[in-house]
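Scroll down for the structure; my scribbles are underneath it.
Bear in mind these aren't lab numbers, they're just calculated from the coordinates by the rules spelled out. None of the values given here were measured: they were computed from a predicted structure. Here Cβ is always computed from backbone atoms with ideal geometry, including for glycine, and neighbour counts include all displayed protein chains.
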Amino acid sequence: MLKRLFKDKKFIFIFTFIVESILYYFFEHLPIGGEYIVPDVGIAPVFGMMFGPVGGFGQALASLIWELYDGMDPIASLIDFAIMFAISIAAYKLWYTTFTKRTINTPKFDSSYNVFKFLIITLFISVIYWALIHISIEAYSQMWIVYPLSTIINRTSYALNMFSFTLIFGLAFISIFNIMGLPMKIPEGWFNIIDIDNKYLLIIFIVLMAYLIPVQIFSIDNDITDNIFFALTILMVILFCLNKFRAKIEARIVKYSVIEKIILFFLIVLSIILLIYFDEITVISFVFATNFEGYRLELMNLTIGSALMIMFCILHIHYVEKTMTNPIYDLISSVNYYTDNKKFNSAEKFNIDFEKYLKNNDDMSRLVESFISLNKNIRNNLDNLKRTTAEKEKIETEFKIASNIQSGMIKTDFDEFSNDRPFEIYGLMEPAKEVGGDFYDYFNIDEESIAFVIGDVNGKGVPATLFMVKTMQLIENHSKFDSTPEKLFEKVNNLSCIRNDEGLSVSSWFGKLNLNNGKLSFVNAGHYPPLIRQDNKEFEYLKVQPDVVLGMEENVPYNKYEIDLTPGDMIFLYTDGVTEANDNHKGFYGEARLQKTINTHKDEKLEKIIANIKNDLYQFCNYTQFDDITMLIIKYNGCESNE
């Protein structure tokens, strides 16, 4: 809720208006402040840094209304309104356009650099405030009633007020907003009337201050030279406020860091000490050997105490950064490098010098030393992983190529092969991995005969695929010369045993069909029995005693079997990937379920029969494939001469 509200300019204006009203009443109408102690002026630059012009306008308007309510001269009140608004804009510009060593962000005390930056900006703002008041009094005499400048302490009290309470309110409000994660609304732009490099304006401003500060502190003369320098100072402030931004400002909410907690704790401790010994801190009296009025002395002591407090804080935080937080941040950066895919996969090299943290023999150095060792191991492991991944991707690419080659070797021209011929044929081969050892094939032997074959290599991967290719080529090539299936398999078996160092073998079923008379000659080399349908009856297993698988042993005899097919008869061939498919719960798919499924769809087209068997098979296995699945079905339609 609050985060959404603080993104709205109207709410920011109301918030800053109310806070200034409370502070004005608290310090001006209650016996807390004093003649020379005006705390609420320090809220103007703080709200400027936090919320930009809208924050400064809310504070300045509230101050104007209260001053008119208290009976102050209207013109003097308007001048004071302009002064408050100008210093808020100056603080806003200083934070976002100067001292930009690191990433530009909303005010945040997360490093000694940012704390020191806040201190320097506060000093600049205090001098600007003092110069604006001085030149305003010179221009309008009624300002003397509120801002007397007759003595040294009078002239310095306004700058001391601004310096002390900007530090106090800034540390309080900025820390609270960062702790609560509230956004600091930054407008997208301001009056971009001129475009001058800010460093030139700062150089001129520093030169002017180098003259004005010592002259005004140690002299009460206000000659025309001093007024010219004051006027030039005001001109520099105006130019700076109207100057163009040179960087796009984006408010970001960052988690409250460890170092900010340390800073806050250290400031609280120093603040308590400052409050306890507030009346006893009389540094200014010892330095100048002067007795001051109570309020003036308190203001001096408060200013010196605030400055010392933040200087001690900067020194302390610098030590903490050097010994604790910087090593932690570097460790975080190194971890983020490995988790950032863009950086890790790019050519960008990770290079953080951890050796500088090993000088001290403390807990942090031991932690860094352990991380250096861990980092080396991670680097080596990641390099090995990259090489392994590259090799794996190369192998996967080669497997894909091999899979494409194998797919190209398995014939799918079913309609072209059987076109205007007395038979139909359809097949399916799906490897469990990229490549497999199953195969089917069909080809012409002569003008009146065709051959069809199915096989399964007892292996996986590339070796099984190569042996499969070898077997397919041997069967097709030698079928032209060996007229009978048994002689063909005897020849193929002997050739398969040659240089078979891997000990691979192939179970295969081969059939030779005479298209004129329907005579089917076949041989079974250790393969599963096919299912055959004859005379429009049910599919039944065509069981014969299988012979030895191909490639197991040389000079093995094979038996030939013959049956006569009539028009409409079909024969279905398959591999063990069908009958031995399982889901780890119901057991194997089995021959009985295969027979039941094919008989359920026996009157459908060949393609539909195989598709239905495949769907039933995948449902049984919960769509998990463990082995190659290969099926081939032939339907003999008969020859006109035979009819």
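Some observations on this one:
- Cβ crowding within 10 Å averaged over residues, with 534-540, 612-618, 379-385, 438-444 ranked highest first: 438-444, 612-618, 534-540, 379-385
- Remark: the stretch 411-636 projects, on average over all directions, an area of 11.8 nm² (convex hull of Cα atoms).
- Backbone amide hydrogens, once placed in the peptide plane, bring residue 423 within less than 5 Å of 637, excluding anything fewer than 5 places away on its chain.
- Under Karplus coefficients 6.51, -1.76 and 1.60, residue-wise ³J(HN,Hα) of the stretch 11-26 in Hz, glycine/proline x: 5, 4, 4, 5, 4, 5, 4, 5, 4, 5, 4, 5, 5, 4, 5, 5
- Entries of 392/433; 491/608; 400/470; 512/602 with Cα pairs more than 25 Å apart: 491/608
- Between residue 113 and residue 622, residue separation times 0.36 nm minus the direct Cα-Cα distance comes to 176.9 nm.
- In terms of surrounding Cβ atoms within a 10 Å radius of their Cβ, 589, 92, 25, 561 rank from fewest to most as 25, 561, 589, 92.
- As a proxy for reagent exposure, ranking 235, 550, 374 by other Cβ atoms within 10 Å from fewest up yields 374, 235, 550.
- Going from the fewest other Cβ atoms within 10 Å to the most, the residues 314, 563 appear in the order 563, 314.
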